[in-house]
Ligand code: NAD
């Protein structure tokens, strides 16, 4: 049995709780490895390493720090195929999609190559008589990231790319379901010239997460995962005096206006609802056609498109999507389809009980289309996180706008239309963090920032871009004067003003 160990400076082997977690190959349904689960003592050792190395790293000039990022980016490109295959074998997404997972993280590293520019402070000359004011951003010290299974390359890089470039040391606690790629990233980072102890990986479950949240030497925690855990992490981390950003679950809606190009919409929806077996926080699992005529026309086009999808093992180059991550997750997705049916949804295409010939033990769920879903249904309110598309019919634009705005989640949302006015109104008024206009998965590029609203995001800082930089640094504001010795005669007992 392949063992996946922690990546802690100076340590080989799997010291920790002695507990392990099994790693599936979702395509075959076999256990392929096990990962050691860590505890507070293991975290202490990692923190001790980080403390040794971080001050010198923070003092290294930003251009030199950026050079490590440049080299790391090169290594990611050189190892893209290997990383993608490893990722796909544990997650289940198809290899080309796994390359996208690595690539979108790489793009944050690319942004972090510009850290000398991003960290330049502000300066006001002569803010008062002989007084200048300037600001600088300084690293926090040791940051930690707790990441979900669904993007095991991209999300860790969202976090450690920005945190480390800014001068912090970083402890990554990846998902225990697909931990190999995060370890491989840490190995490549070392190869890129980072000092030992700067980026370490500790595996674990709730025990390790709690140890991170309570540790006095960790200044900031970035979390991405499901909403209940995000909320818990946020509360516990903040109570311990840390800076916390915690991204949660999602239920993204795609609004289809009567004037939309339906062929384009169907093509976009198929990818956005079923790609990566729907296990994306920016998937589009709810489509909202506006008007009965739009609904009927859309449904007629969706049915053949969905029936034509090819479900396959993760290294099938023709497959549109692969298995879901674990047998428990397959059972959960199928239960949600049962619930939707019991609640009165019309199961138009049923993916339950799907079996792939030759891979009968794999965790496959067939593509599923459910019509006549209403906002009162539990299967609408909650995240399914599987290859399931729900149709919620809206009578008009206002009705359609209300649905994502009133939903408990507010991650992404999209509108499909040819009408610029409707699109603009929608973008301004909808209560969600990321909006696509004829773009089904509006994940902002690396030089903007990523973050949802409501129960999709706790805390006030988004991931990566300038928001990410702000999260991983603190601003110091300096007010200086260099008197010439004569004194300026001001009354030092009164608060200085510019009045
Ligand atoms: P998850 O919440 O089960 O796990 C996320 C992390 O929390 C993992 O590292 C896990 O080890 C840890 N964890 C699990 N249970 C815990 C507990 N009881 N106490 C403390 N820590 C615990 O999420 P997942 O299933 O790995 O990922 C899928 C979820 O993540 C979906 O809800 C998806 O929408 C969400 N997600 C959100 C975003 C976003 O940016 N908003 C991005 C990707 C995924």
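The values are calculated or read from the model by the stated rules, or taken from the named source; none is laboratory data. As the structure is a computational prediction, the values presented were derived from the model and not from experiment. For neighbour counting, all protein chains shown are included, and Cβ atoms are generated from backbone atoms with ideal geometry for every residue, glycine included.
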Residue 274 vs. criteria crowded, with 24+ Cβ neighbours inside 10 Å and more than 8 Å from the ligand (Cβ to nearest atom): yes
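This table checks each residue for (1) under 15 Å from residue 142 (Cα atoms); (2) under 17 Å from the mean Cα position of the chain (by Cα).
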residue: 193; (1), (2): no, no
residue: 196; (1), (2): yes, no
residue: 200; (1), (2): yes, no
residue: 203; (1), (2): no, no
residue: 207; (1), (2): no, no
residue: 215; (1), (2): yes, no
residue: 225; (1), (2): no, yes
residue: 233; (1), (2): no, yes
residue: 238; (1), (2): no, no
Residue in region 139-152 that is crowded, with 17+ Cβ neighbours inside 10 Å, assigned by TED's automatic domain parsing to the domain that holds residue 202, assigned to a helix (DSSP H, G or I) and in contact with a helix residue (DSSP H, G or I) (Cβ under 9 Å, 6 or more places away or on another chain) present: no
Among residues of region 232-243, those that are touching a residue at least 60 places away in the same chain (Cβ under 8 Å), touching a helix residue (DSSP H, G or I) at 6+ places or on another chain (Cβ under 8 Å) and surrounded by fewer than 24 Cβ atoms within 10 Å (Cβ to Cβ), counted: 1
Members of region 70-91 that are more than 12 Å from residue 110 (Cα to Cα), out of contact with any strand residue (DSSP E or B) (no Cβ under 9 Å at 6 or more places or on another chain) and crowded, with 24+ Cβ neighbours inside 10 Å: 83, 84, 87, 88, 91
Yes/no for residue 76 being touching a helix residue (DSSP H, G or I) at 6+ places or on another chain (Cβ under 8 Å) and under 20 Å from residue 161 (Cβ atoms): yes
Every residue from region 277-293 that is away from the ligand (no atom under 16 Å from the Cβ) and crowded, with 21+ Cβ neighbours inside 10 Å: 287, 288, 289, 290
Flag for residue 383 being within 15 Å of the ligand (Cβ to nearest atom), assigned to a loop (DSSP other than H, G, I, E, B) and under 27 Å from residue 21 (Cβ atoms): yes
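Could you please find all residues in region 184-211 being assigned to a helix (DSSP H, G or I) and within 14 Å of the ligand (Cβ to nearest atom)?
Residues satisfying the conditions are 206, 207, 208, 209, 210, 211.
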Condition broken by residue 246, with the remaining ones in (1) touching a helix residue (DSSP H, G or I) at 6+ places or on another chain (Cβ under 7 Å); (2) more than 11 Å from the ligand (Cβ to nearest atom) satisfied: (2)
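Matching residues to (1) on the phi > 0 side of the Ramachandran plot; (2) crowded, with 18+ Cβ neighbours inside 10 Å; (3) over 25 Å from the mean Cα position of the chain (by Cα); (4) not in a strand (DSSP E or B):
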position	(1), (2), (3), (4)
11	no, no, yes, yes
24	no, yes, no, no
41	no, no, yes, yes
49	no, yes, yes, yes
52	no, no, yes, yes
55	no, no, yes, yes
63	no, no, yes, yes
66	no, yes, no, yes
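Return the residues of region 155-182 that are within 12 Å of the ligand (Cβ to nearest atom) and buried (at least 24 other Cβ atoms within 10 Å of the Cβ); say none if nothing qualifies.
The answer is 155, 156, 158, 159, 172, 173, 174, 175, 178, 179, 182.
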Filter result for residue 94 (buried (at least 23 other Cβ atoms within 10 Å of the Cβ) and at pLDDT 95 or above): yes
Selected residue (only one of 475, 446 is in a strand (DSSP E or B), modelled with pLDDT of 95 or more and within 30 Å of residue 58 (Cα to Cα)): 475
Unmet requirement for residue 218, which otherwise passes all of (1) farther than 20 Å from residue 54 by Cβ; (2) away from the ligand (no atom under 11 Å from the Cβ); (3) in a loop (DSSP other than H, G, I, E, B): (1)
Answer from 432, 461 - the residue that is within 30 Å of residue 119 (Cβ to Cβ), within 15 Å of the ligand (Cβ to nearest atom) and touching a helix residue (DSSP H, G or I) at 6+ places or on another chain (Cβ under 6 Å): 461
Matching residues, region 249-266, being within 16 Å of the ligand (Cβ to nearest atom) and crowded, with 24+ Cβ neighbours inside 10 Å: 250, 251, 252, 253
